[in-house]
1. Checking residue 88 against (1) modelled with pLDDT under 90; (2) assigned to a loop (DSSP other than H, G, I, E, B), which single condition isn't satisfied?
2. Could you grab me the full set of residues in the range 189-207 that are polar (S, T, N, Q) and modelled with pLDDT of 85 or more?
3. Of the numbered conditions (1) of a type in the set (Val, Ile, Thr); (2) farther than 30 Å from residue 190 by Cβ; (3) over 16 Å from the mean Cα position of the chain (by Cα), residue 64 fails exactly one; give the number of that condition.
4. I'd like to verify a number: residues in the range 184-202 that are closer than 18 Å to residue 156 by Cβ and not in a strand (DSSP E or B), how many?
5. When the residues of the range 132-147 are filtered to those that are among the hydrophobic types (A, V, I, L, M, F, W, C) and surrounded by 10 or more Cβ atoms within 10 Å (Cβ to Cβ), which remaining residue is nearest to residue 90 (Cα to Cα)?
6. Which condition breaks for residue 101 when tested against (1) modelled with pLDDT under 80; (2) surrounded by fewer than 10 Cβ atoms within 10 Å (Cβ to Cβ); (3) hydroxyl-bearing (Ser, Thr, Tyr)?
Amino acid sequence: MAKDPINGKENLEPWPRPAMASPGERTYLDIDIGRIPASVLYANDMRGVDIAVRGTFPSGTVQTGGLVGLNVVVTPLGTLGRRTSAIYSAVVIGLGGDILTGSYTAGEFEVINTNLGNQCTYGVIQLRVSDDSPGCHPASCYMRLRSVGARNLPNFVSFVNESLASAWNSGRIVRLSTTPKAATHVVQCFVNDVPLYLIASTTAPTD
């Protein structure tokens, strides 16, 4: 049994563990940073795990690979699978009866672009699949929405700062249009660099 060098817990031994008689979740690396003082959180963001990766791409050289900050590969074996996730993230709100204000997300991604020029095409999130199987289930999709609580979320997407871009209305994701109907909002999407517009009325349907 190898001990976790971070907190000393015996979590890194080979699976299955002989003494484990009943099924349950098993953690191979358990990191507990304890409770962080509130005074620290008020001033700065606190990170449980901080990974900083820096790499240099040489000028004039065509790159065949990229730079990845965190690489997680999970390989399930066998045939009777239940659930597999390469990354699982959860934010637990209201523990102990506390009512917290603020904004919460299970995952937050940010692209900080300081390129001097127009050299790159970026996406804050890219959904990529490589499917070479004979066929896939009809419910397969790029993104699945599943509610497991007692209350469903009221919105699919919320544009927080849509009103800030009125000066360049022609390039916004959501814009106001006079065609085909007055006072109609349209959502702009791109498919193979071709803009497509989805009609989005501000009037709720009656049926």
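1. (1)
2. 192 - this is the single residue of the range 189-207 that is polar (S, T, N, Q) and modelled with pLDDT of 85 or more.
3. Residue 64 satisfies every listed condition except (2).
4. Residues that pass the stated criteria total 2.
5. 141
6. Among (1) modelled with pLDDT under 80; (2) surrounded by fewer than 10 Cβ atoms within 10 Å (Cβ to Cβ); (3) hydroxyl-bearing (Ser, Thr, Tyr), residue 101 violates only (1).
The values are calculated or read from the model by the stated rules, or taken from the named source; none is laboratory data. Please read these numbers as outputs of a predicted model, since none were measured by experiment. Here Cβ is always computed from backbone atoms with ideal geometry, including for glycine, and neighbour counts include all displayed protein chains.
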